[in-house]
Amino acid sequence: MTFGGMAIALVLGLCLALGRISTRLWLRAPVAVFVELIRGSPLLLQLFYIYYVLPAFGLKLTPIMAGLLGLGINYGAYLSEVFRGGIAAVSHGQREAAESLGMSAGQTMRFIILPQAWRIVIPPTGNYFVSLFKDTALVSTISIAELMFQGQLIASDTFRYMRIYSIVFVIYVVISIPASMGVRWLERHFNRPLAR
Amino acid sequence: MAAPIIEVKSLSKSYGVVQVLKEVSLAIGKGEVVVVIGASGSGKSTFIRCINGLETFQGGSILVDGYALTPEGRGRRSNVADLKEIRREVGMVFQQFNLFPHKTVLENVTLAPIQVRKWDRKKAETAARSLLERVGLRDQMHKFPGQLSGGQQQRVAIARSLAMEPRVILFDEPTSALDPEMVGEVLEVMRGLARDGMTMIVVTHEMGFAREVADRVVYIDHGRILEQGPPAAIFDAPQEERTRAFLSRVLKH
């Protein structure tokens, strides 16, 4: 779930970021509105909207699909701002050097800007990854048998709240601590050629 | 002078209300080395950045080997196809080197020939090796730019520019960001290029280099070409009062 949502978010985030820095107004303006709408509303509302409102327009999704899509879109919007910042942080001279060598805008983005921006955005992207993992709990509210949801069921069944929620807590921590360690490893890995 | 390879006519450029270039005209012959001097903010860097389209302009025209750059229209460039050709023919070396930090020295030099000129890797690497040999850095080609000194980085940048086999190279204060002891090695490479007949426009504060290597020295003052001529004429017998004042400031030390 987390990985699927992150995959959608990464792809969507990159597309939105590129759209938002486009010189074409017809592309830039709607993308900016979309990103601000998503960032300005709660994830839970977006999930409900996708699952309960979209069927009215003929788009009926399974709970898992809706959850993936909701998380992907929500995190995509946030990540697009991270990516946009990363792209802007690559020095202007890099773009000029590439252009003066005759490279097209697309080649400059692909070979020069994005590889450098990518290293800049790894730490914040990793943080989003970890928090997306935690947000998958929200998805249980649209009836996915998620950890929290299952925990709730068992707890209300057995009244052993402390034990059940402690177990849920431990499961979360056991998964998310290695995840954030993984993020740190990724950071080091991708920073190597620059650090030398 | 040989047939001009670059013809700049009445070039005017403003940033908002500030006019930085006022009707600048200059023709540069094939194989000519032109050194542009002037105070900071005189417009000399802006001038050469217009020639390869890094800056747009509002008036006049630029012709490079038959390809034309025209003033910007309503927020749009008019001549995308010509700009592309001009960028293939005109190389540029920057004050801050602007090497690609995530690529090795060799990759810095081969990237554009492979992507823009569609050379195969082998051909591009063979050419890159001999260019790196020429700038004296063949043994450094698997390092990253961050591992090199400033002077070495600038020599790589020159090799990177040469890899596209340009007909003209623009130098935008190529030694201004270097420690003094590294200036010489970069100027030496540039001298070699001039000897081999490369057409060069060099913005610099290195007056010794200008006197020795330039075919022509152009003095830009407040966005205008105030005076130009052979180095001996400009340095030893400047006609304009402002040229004299500028030279006495920069030659004092």
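Of note:
- This model, with +1 at the C-beta of Lys and Arg and -1 at the C-beta of Asp and Glu, gives region B:15-172 a dipole about its Cα centre of some 400 debye.
- Tail fraction, Cα-Cα pairs, region B:29-74, threshold 17 Å, whole percent: 43
- Pairwise centroid distance, computed over Cα atoms, of region B:188-221 with region B:166-185, Å: 10
- Its Cα gyration tensor gives region B:1-121 an equivalent ellipsoid. The semi-axes, each the square root of 5 times an eigenvalue, are 26, 17, 17 Å from largest down.
- For chain B, modelled as a GNM whose springs connect Cα atoms under 10 angstrom apart, the maximal fluctuation among B:G66, B:G150, B:G91 occurs at B:G66.
- Using the alpha-carbon positions of region A:1-105, Rg (one decimal) and Dmax (whole number) come out as 16.6, 53 Å.
- Approximating the spin labels as points 7 Å out from Cα along Cα→Cβ, the B:E165-to-A:L61 distance works out to 5.3 nm.
- Area projected by the alpha carbon convex hull of the protein assembly as shown, averaged over all directions, nm²: 27.8
- Calculated FRET value between B:E188 and B:E241, using beta carbons and R₀ = 35 Å, to 0.05: 0.50
- In plain terms, the bigger the Kirkwood radius, the slower the diffusion; for chain B, with that radius from Cα pairs, at 25 °C and 0.890 mPa s, Stokes-Einstein puts D at 131 µm²/s.
- Pair A:R28, A:F169: separation of 7 Å Cα→Cβ label points (nm): 4.9
- Taking the C-alpha atoms only, the angle from helix B:105-115 to the longest principal axis of chain B is near 80 degrees.
- Using a Förster distance of 41 Å, the FRET efficiency for B:S61-B:K143 (Cβ separation, nearest 0.05): 0.45
- Contact order relative to length of region B:82-145, as percent, for alpha carbon pairs under 8 angstrom and 6 or more apart: 41
- For region A:1-48 and region B:1-67, distance of Cα centres in Å: 42
- The reciprocal of the average 1/r between distinct C-alpha atoms defines the Kirkwood hydrodynamic radius, which for region B:81-201 equals 14.3 Å.
Values in this text are rule-based calculations from the coordinates and carry no lab data. The structure displayed is predicted, hence computed values, not measured ones. As a convention, Cβ positions derive from the backbone with ideal geometry for all residues, glycine included, and neighbour counts pool all protein chains shown.
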